[in-house]
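Below: the structure, in structure tokens.
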Amino acid sequence: MCAAEPAPAPPAVDPGRCPLCGGANGCAMEHQRRSGVEQPPCWCTGVRFTAELLARVPAPARGQACVCERCATQRPAG
């Protein structure tokens, strides 16, 4: 009897990259976590994230990587 091969692991989520566009997200909290150097408040503390925007974040990245300022503040087309 042949054992089924395990499914390939999904790509790792990079907490320093925006899950929507793939660009650097400029997250001060992530920078502080990686560097150990205290940072000023993150840009995201002054932005409202809409439910529609957050719904576009792929499930594996939710709670793992921040949306970048450009994607967070860009008005939807239309």
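Things to note:
- Close Cβ contacts (under 6 Å, 6 or more residues apart or on different chains) running from residues in the range 50-77 that are under 19 Å from residue 16 (Cβ atoms) to residues that are modelled with pLDDT under 95 and outside any loop (DSSP other than H, G, I, E, B) comprise 69/43.
- Selection count, the range 23-35, where residues are modelled with pLDDT of 95 or more and on the phi > 0 side of the Ramachandran plot: 0
- Scanning the range 35-78 for residues that are within 23 Å of residue 12 (Cβ to Cβ), touching a helix residue (DSSP H, G or I) at 6+ places or on another chain (Cβ under 7 Å) and either of a type in the set (Val, Ile, Thr) or open to solvent by 100 Å² or more (accessible area, probe 1.4 Å) (or both) returns a single hit, 67.
- Residue 18, sole failed condition from (1) open to solvent by less than 70 Å² (accessible area, probe 1.4 Å); (2) at pLDDT below 95: (2)
The values are calculated or read from the model by the stated rules, or taken from the named source; none is laboratory data. The structure presented is a predicted model; accordingly, all values stated were derived computationally and were not measured. Glycine gets a Cβ as well: all are built from the backbone with ideal geometry, and neighbour counts include every protein chain shown. Only protein heavy atoms, including side chains, enter the accessible area calculation; ligands, DNA and RNA are left aside. Shrake-Rupley method; radii C 1.70, N 1.55, O 1.52, S 1.80 Å.
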